[in-house]
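In what follows, a structure is listed as structure tokens, so that the remarks can point back to it.
The values are calculated or read from the model by the stated rules, or taken from the named source; none is laboratory data. All of these numbers come straight from a predicted model, not from anything done at the bench. Counting neighbours? That spans all protein chains shown, and the Cβs are built from the backbone with ideal geometry, glycine included. Protein only, heavy atoms only, side chains kept; ligands, DNA and RNA dropped before computing areas. Shrake-Rupley method; radii C 1.70, N 1.55, O 1.52, S 1.80 Å.
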Amino acid sequence: MASTNKTSNLQLNNWIESDCPKRIDFVSDNLIIDNVLGTHISDGDIHLTPTEKSRVSEPYLITLNQGNGNASGVYDPGFNPRLAFIFKVSTPFQTVSSGNTVMNSAIVTHKGTTGGASLLNGVLTVRQSSSPENGVLYNLNENGANYVIIYFR
């Protein structure tokens with residue numbers, strides 16, 4: 001026989017001493033619990049995915065890297081950032097040399113960049129120019145120079 005009383009939230013059996021529980025009562029309770037918990041656990045609107053959790057708990061990663069002087073440098077933060085910002089340490093974001101603008105920094109997204117860098121499949125590629133392009137030199141991989149990169153998840 002089902003219980004005399006039911007729990008307030010899930011309406012599970014809440015027997016009193018004179019009740020005689022039967023197997024079907026336990027089966028019924030287990031189905032209710034499984035349905036409620038299963039629905040709750042699979043509700044993507046109220047639970048964060050592992051990627052979303054990392055965005056909340058670790059929204060950015062800051063690295064310090066040294067340029068090698070090659071025409072390009074490649075950096076992989078180990079995740080697919082939505083935005084990256086690179087700048088040469090202790091240097092203005094842009095300077096002028098021989099009438100050319102020298103870019104010592106870049107902001108990069110999947111939708112566009114300030115120039116001199118790109119972001120594809122989680123990999124940041126930066127440029128080091130040897131000659132100006134439309135009056136701009138990119139100085140994002142100078143040999144021995146230190147660069148800070150901030151990746152945003």
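Note on the range 65-109: Rg/Rh from C-alpha atoms, Kirkwood Rh, equals 1.01. Which one, S54, S18, S72, has the greatest fluctuation when you compute a Gaussian network model over the chain with C-alpha springs under 10 angstrom? The residue that fluctuates most here is S18. When the chain is treated as a GNM with alpha-carbon contacts under 10 Å, the residue of F85, F26, F93 showing the greatest mean-square fluctuation is F26. Taking every protein chain into account, the 1.4 Å probe leaves Y60 with about 120 Å² of accessible area, to the nearest ten.
Label zone (N100, point 7 Å along Cα-to-C-beta; backbone nitrogen cut-off 14 Å) within the range 128-143: 128-142.
Ordering K6, K53 by accessible area with a probe of 1.4 Å, largest first, what comes out? Write down the numbers at each step before the final one.
Numbers: K6 90, K53 115 Å².
Putting K6, K53 in descending order of accessible area: K53, K6.
Given the options V56, Y75, V102, identify the residue whose Cα lies farthest towards the positive end of the charge dipole of the chain (+1 on Cβ of Lys, Arg; -1 on Cβ of Asp, Glu). The one lying farthest along the dipole's positive direction is V102. Here is the size of the range 92-135 from its Cα atoms: Rg then Dmax, 11.5, 36 Å. Percent relative contact order of the chain, based on C-alpha pairs within less than 8 angstrom and at least six residues apart? Reported as a whole number, the value is 26 percent.
Under the convention that each Lys and Arg Cβ holds +1 and each Asp and Glu Cβ holds -1, the size of the dipole of the range 1-110 around its Cα centre is about 540 debye.
Based on the Cβ-Cβ distance of F93 and L48, what FRET efficiency does E = 1/(1 + (r/R0)^6) give at R0 = 30 Å, to the nearest 0.05? Before the final figure, lay out each step's value.
Numbers: r = 35 Å, r/R0 = 1.16.
My answer for the efficiency is 0.30.
Set the Förster distance to 25 Å, then compute FRET efficiency between Q66 and H110 from the Cβ-Cβ distance, nearest 0.05. Between Q66 and H110 the formula returns 0.45. A cut-off of 5 Å between modelled amide H atoms, ignoring neighbours fewer than 5 places along the same chain, links T91 with no other residue. When the helices of the chain are scored as -39500 (n - 2.57) per DSSP H run of n ≥ 4 and the total is divided over every residue, the value at 222 nm lands at -5500 deg cm²/dmol.
Multiplying the residue separation of S57 and L10 by 0.36 nm and subtracting their alpha-carbon distance yields 13.6 nm.
Here the average projected area of the convex hull drawn through the C-alpha atoms of the chain stands at 14.1 nm².
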